[in-house]
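Below is one structure, written out as structure tokens, with a few remarks after it.
The values are calculated or read from the model by the stated rules, or taken from the named source; none is laboratory data. Not measured: the values here are computed from a predicted model. No Cβ is skipped: glycine too gets one built from the backbone with ideal geometry, and neighbour counts run over all protein chains shown.
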Amino acid sequence: MPAGATYQKTITISYPKNGNWINEQATILWHAEDTSLTLKHLIKQWLQVLQDAHLINPHLAVTTVAVTPTSGEAFISFDSPLLQKDCSLHAKWLIVESLCRTIRTNELTVSSLMLLQADRSMPDDHFDFSHAISLENRL
């Protein structure tokens, strides 16, 4: 594709189901020169798949995505909590791992994630989201 091109691309969404990892194909707009916008499209599709599987809040939306060009750190803000308060630690970890796997599988130039709610550190009783989540050396 030429530099700066925007095109349809098939992606893979990974999510947990009944103790296994499911890989579902979807199509998104891919922006060759804008990792932040491509990542936002990917996350919107990831949210839709997880909402359809009843793994996350059906009204959750991604509001802001920014990727630093030098370090590849992605700042991802949602309009409400990504992880439901009544979920187990294991269930929460699987949701976070699902997002990490999905980004890594689709080979975006992202090295770590800062998960936010309303552009602030995401509150959670089990996870400390004040630090970036590395996409390297994950399961």
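Quick check on my filter: what residues within region 2-25 are in contact with a strand residue (DSSP E or B) (Cβ under 6 Å, 6 or more places away or on another chain) and over 22 Å from SER77 (Cα atoms)?
Correct list: THR6, TYR7, GLN8, LYS9, THR10, TRP21, ILE22, ASN23, GLU24, GLN25.
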Residues of region 76-93 classified as buried (at least 18 other Cβ atoms within 10 Å of the Cβ), of a type in the set (A, V, I, L, M, F, W, C) and not in a loop (DSSP other than H, G, I, E, B), total: 2
Of all residues in region 38-60 being aliphatic (A, V, I, L, M) and either closer than 13 Å to SER98 by Cβ or over 15 Å from the mean Cα position of the chain (by Cα) (or both), the one that is surrounded by the most Cβ atoms within 10 Å (Cβ to Cβ): LEU42
Region 1-37 - residue that is loosely packed, with under 10 Cβ neighbours inside 10 Å and of a type in the set (A, V, I, L, M, F, W, C) and, of those, modelled with the highest pLDDT: ALA3
In region 94-129, the residues that are surrounded by fewer than 16 Cβ atoms within 10 Å (Cβ to Cβ), of a type in the set (Ser, Thr, Tyr) and part of a strand (DSSP E or B): SER121
Residues satisfying the stated conditions in region 18-64, i.e. over 17 Å from THR105 (Cβ atoms) and either in contact with a Cys (Cβ under 8 Å, 6 or more places away or on another chain) or part of a strand (DSSP E or B) (or both): LEU29, HIS31, VAL62, THR63, THR64
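With respect to LEU89, determine if the residue is at negative phi, aliphatic (A, V, I, L, M) and under 16 Å from the mean Cα position of the chain (by Cα).
Taking the combined requirement at face value, the residue does not satisfy it.
Considering LEU83, LEU42, which residue is touching a helix residue (DSSP H, G or I) at 6+ places or on another chain (Cβ under 8 Å) and modelled with pLDDT of 95 or more?
Details: LEU83 fails: modelled with pLDDT of 95 or more.
So the residue among LEU83, LEU42 that is touching a helix residue (DSSP H, G or I) at 6+ places or on another chain (Cβ under 8 Å) and modelled with pLDDT of 95 or more is LEU42.
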